[in-house]
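The values are calculated or read from the model by the stated rules, or taken from the named source; none is laboratory data. What you see is a predicted model; the values in this text were computed from it and never measured. Neighbour counts are summed over all protein chains in view; Cβ atoms, including those assigned to glycine, are modelled from backbone coordinates with ideal geometry. All accessible areas refer to the heavy atoms of the entire protein, side chains included, with ligands and DNA or RNA removed. Shrake-Rupley method; radii C 1.70, N 1.55, O 1.52, S 1.80 Å.
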Amino acid sequence: MHHIEQVYINGEFVTPHGTERFDLYNPAKARVIGQVRLADAVDGERAIAAARAAFPAWSKATKQMRIAALQRMQATVAARHDDLLEAVVEEYGAPASRSAWMASYPAEVIAQAIAALEAFEFTTVAGAARVEMTPLGVAGLITPWNSDAGFICGKLAAALAAGCTAVIKPSEMSALQTQIVTEALHAADLPPGVFNIVTGRGDTVGETISRHPHVAKISFTGSTRTGKAILRNAAENFTRVTLELGGKSPTLILDDADIKQAIPLAVQAGLMNSGQACVAGTRILVPQSRKAEFEQALALAVAAVASGDPRDAKTVVGPMVSERQWQRVQGYIQKGLAEGARLLAGGVGRPEGTRDGWFVRPTLFTDVHNQMAIARDEIFGPVLCVIAYRDEAEAIAIANDTDYGLSALVLGGDSGRARRVAQQIQAGRVLVNTLTHEPKAPFGGFKHSGVGREMGTWGISAFMEPKSILS
Ligand code: NAD
């Protein structure tokens with residue numbers, strides 16, 4: 001059993017004021033594997049005060065000092081790769097395809113922030129003005145459970161690069177992963193208070209951070225519902241926000257697509273991170289003229305996806321993170337059936353050969369229309385919809401007929417045409433015939449998928465305010 005009894009404030013592991021114990025689970029076994037003692041509002045206040053006290057010195061640290069600090073963080077986080085790998089399998093249920101990335105990405109994202117900081121222009125000239133980018137102050141960084149260490153390190157590295165200090169409130173469901181990252185970051189030997197990590201509930205610690213007059217910036221990744229609550233709280237103090245929220249991303253297969261190339265990309269985009277991905281391409285748009293052909297190929301591909309034990313090398317889809325998430329996915333599969341969608345693969349219940357864990361069957365529906373709940377709501381599980389379109393204009397209209405706008409994938413034989421289609425899709429990121437990631441490019445959403453951008457220059461600027469000086 002794991003017992004996590006301390007939070008991290010002002011450069012020290014300390015016993016929190018909060019006394020609530022929260023159970024941690026292994027989702028592949030649906031079994032309790034430990035407990036975390038949660039921070040409360042008092043701990044949130046203490047962490048904010050520590051970050052506030054550390055801000056004047058850190059905001060004046062030179063670029064070279066910040067780069068050196070980030071390099072130490074990169075090294076100490078990389079050194080905990082194997083511990084993180086074990087934790088993401090045990091606590092999150094990530095299968096091999098995902099866990100390898102989840103263990104290496106936290107150090108990589110710090111390296112990406114270092115590269116962005118090296119190139120960052122803190123002072124520019126605009127006409128007669130000298131424009132100085134100045135750090136905002138204390139940053140509140142609130143992260144979800146679906147990529148705990150990656151979000152903590154990515155947000156923290158950008159905030160520190162900008163000269164902000166930070167209070168991090170990770171998900172209470174990822175305390176094992178957070179503990180490893182916190183120990184690693186502590187080993188990087190940054191000045192006390194520059195970053196503080198307080199694992200607690202959203203409605204206590206999260207609310208304290210988002211309402212606090214001494215927090216100048218919130219960077220949040222999580223659900224659209226929580227994002228709205230944070231935006232409302234932030235209005236009171238004009239706290240700046242970056243919100244990375246949910247998605248219901250389209251994968252648009254054009255009528256000239258090569259079926260052999262398109263199907264693996266479409267299935268991978270839809271089922272990545274066991275379906276628990278904000279960017280998952282869960283609406284697969286196919287031309288009516290080739291509907292039967294695509295349905296058949298997609299059904300075969302989804303049915304062949306192994307769902308089960310994350311420690312089995314064959315597994316592609318691991319368990320859902322919690323019983324609540326499992327119930328949510330089951331509920332949506334039932335809803336799809338009730339709405340009249342036709343099942344091509346998967347369905348309710350657990351995959352054959354599994355028991356106990358929160359395993360789900362990778363599921364594919366067809367005869368879905370874009371007004372059905374399974375086409376509109378973010379399910380956050382491996383449930384995909386096939387939606388047929390008549391022509392390119394209708395395909396683009398369906399792709400854009402969503403509250404969200406985080407990501408999209410366009411697959412087509414003529415890449416020039418596919419790019420022209422991509423330009424008409426309202427999403428922060430549109431991939432054309434690829435699933436590659438570009439860390440130098442901004443990442444974030446249109447519409448209800450969020451506010452602002454992370455990564456690269458945009459990610460650092462998000463923690464800063466431009467000041468024009470005229471003399
Ligand atoms: P969530 O919104 O429930 O929780 C996210 C974080 O916010 C947690 O740390 C939680 O404790 C905290 N929180 C909850 N209520 C709060 C409040 N009132 N004030 C302040 N903080 C509060 O989301 P989740 O279930 O942990 O994560 C899944 C969601 O995250 C999905 O909707 C997914 O799409 C989204 N997500 C988005 C991205 C992106 O980059 N756009 C990436 C990953 C996940």
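Details
- Evaluation of ALA462 against (1) modelled with pLDDT of 95 or more; (2) within 14 Å of the ligand (Cβ to nearest atom); (3) open to solvent by 30 Å² or more (accessible area, probe 1.4 Å) (one fails), failing number: (3)
- Segment 266-290 - residue that is more than 16 Å from the ligand (Cβ to nearest atom) and under 23 Å from the mean Cα position of the chain (by Cα) and, of those, most open to solvent (accessible area, probe 1.4 Å): GLN268
- Taken together, the criteria exclude ARG130 from residues that are within 15 Å of the ligand (Cβ to nearest atom), open to solvent by 10 Å² or more (accessible area, probe 1.4 Å) and either touching an Asp or Glu at 6+ places or on another chain (Cβ under 7 Å) or over 29 Å from GLN325 (Cβ atoms) (or both).
Listed here are the residues, each with its yes/no results for (1) open to solvent by 30 Å² or more (accessible area, probe 1.4 Å); (2) under 26 Å from GLU293 (Cα atoms).
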| site | (1), (2) |
| --- | --- |
| SER322 | no, no |
| ARG355 | yes, no |
| THR363 | no, yes |
| ARG376 | yes, yes |
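- In segment 106-117, the residues that are of a type outside the set (Gly, Ala, Ser) and more than 17 Å from GLU183 (Cα to Cα): GLU108, VAL109, GLN112, ILE114, LEU117
- Selection within segment 1-11: residues that are open to solvent by 40 Å² or more (accessible area, probe 1.4 Å) and at pLDDT 95 or above. The member of this set that is nearest to HIS214 (Cα to Cα) is ASN10.
- ILE398 vs. criteria of a type in the set (A, V, I, L, M, F, W, C), more than 16 Å from the ligand (Cβ to nearest atom), touching a Leu at 6+ places or on another chain (Cβ under 7 Å) and outside the structural domain of ALA277 (by TED's automatic domain parsing): no
- Search result, residues across segment 219-228 that are more than 8 Å from the ligand (Cβ to nearest atom) and either in contact (Cβ under 8 Å) with a residue 12 or more places away in the chain or open to solvent by less than 20 Å² (accessible area, probe 1.4 Å) (or both): SER219
- Test: residue in segment 136-158 that is more than 13 Å from the ligand (Cβ to nearest atom) and among the polar types (S, T, N, Q): no
- Of all residues in segment 291-304, those being more than 21 Å from VAL317 (Cα to Cα) and surrounded by 17 or more Cβ atoms within 10 Å (Cβ to Cβ) number 1.
- Candidates THR242, THR251 - the one that is assigned to a strand (DSSP E or B) and within 15 Å of the ligand (Cβ to nearest atom): THR242
- Pairing each residue of segment 65-88 that is farther than 21 Å from ASP309 by Cα and open to solvent by 10 Å² or more (accessible area, probe 1.4 Å) with any residue that is outside any helix (DSSP H, G or I) and not small (Gly, Ala, Ser), provided the two are 6+ apart or on different chains, yields C-beta distances under 8 Å for ARG72/ASP189; ARG72/LEU190.
- Total residues in segment 12-45 satisfying the condition of being open to solvent by less than 20 Å² (accessible area, probe 1.4 Å) and over 21 Å from MET320 (Cα atoms): the figure is 6.
- Among (1) more than 14 Å from the ligand (Cβ to nearest atom); (2) assigned by TED's automatic domain parsing to the domain that holds GLU339; (3) farther than 23 Å from GLU339 by Cβ, the one test that GLY456 misses: (2)
- Boolean, LEU231 is in contact (Cβ under 8 Å) with a residue 24 or more places away in the chain, under 20 Å from the mean Cα position of the chain (by Cα) and more than 9 Å from the ligand (Cβ to nearest atom): yes
- Residue match in segment 379-393 (condition: in contact (Cβ under 8 Å) with a residue 24 or more places away in the chain, out of contact with any helix residue (DSSP H, G or I) (no Cβ under 8 Å at 6 or more places or on another chain), open to solvent by less than 50 Å² (accessible area, probe 1.4 Å) and not assigned by TED's automatic domain parsing to the domain that holds VAL241): no
- Output for segment 198-213, where each listed residue is touching a helix residue (DSSP H, G or I) at 6+ places or on another chain (Cβ under 7 Å), more than 8 Å from the ligand (Cβ to nearest atom) and under 13 Å from PHE238 (Cβ atoms): ARG211, HIS212
- Taken over segment 426-442, the criterion of being over 18 Å from GLY270 (Cβ atoms) and either open to solvent by 40 Å² or more (accessible area, probe 1.4 Å) or free of Cβ contacts under 8 Å to residues at least 24 places away in the same chain (or both) is satisfied by GLN426, GLU438, LYS440, ALA441, PRO442.
- Taking segment 138-209 as the region of interest, the strands (runs of 3 or more DSSP E) fully inside it that hold 2 or more residues being within 20 Å of the chain's Cα centre (by Cα) and crowded, with 24+ Cβ neighbours inside 10 Å are 138-142, 165-169.
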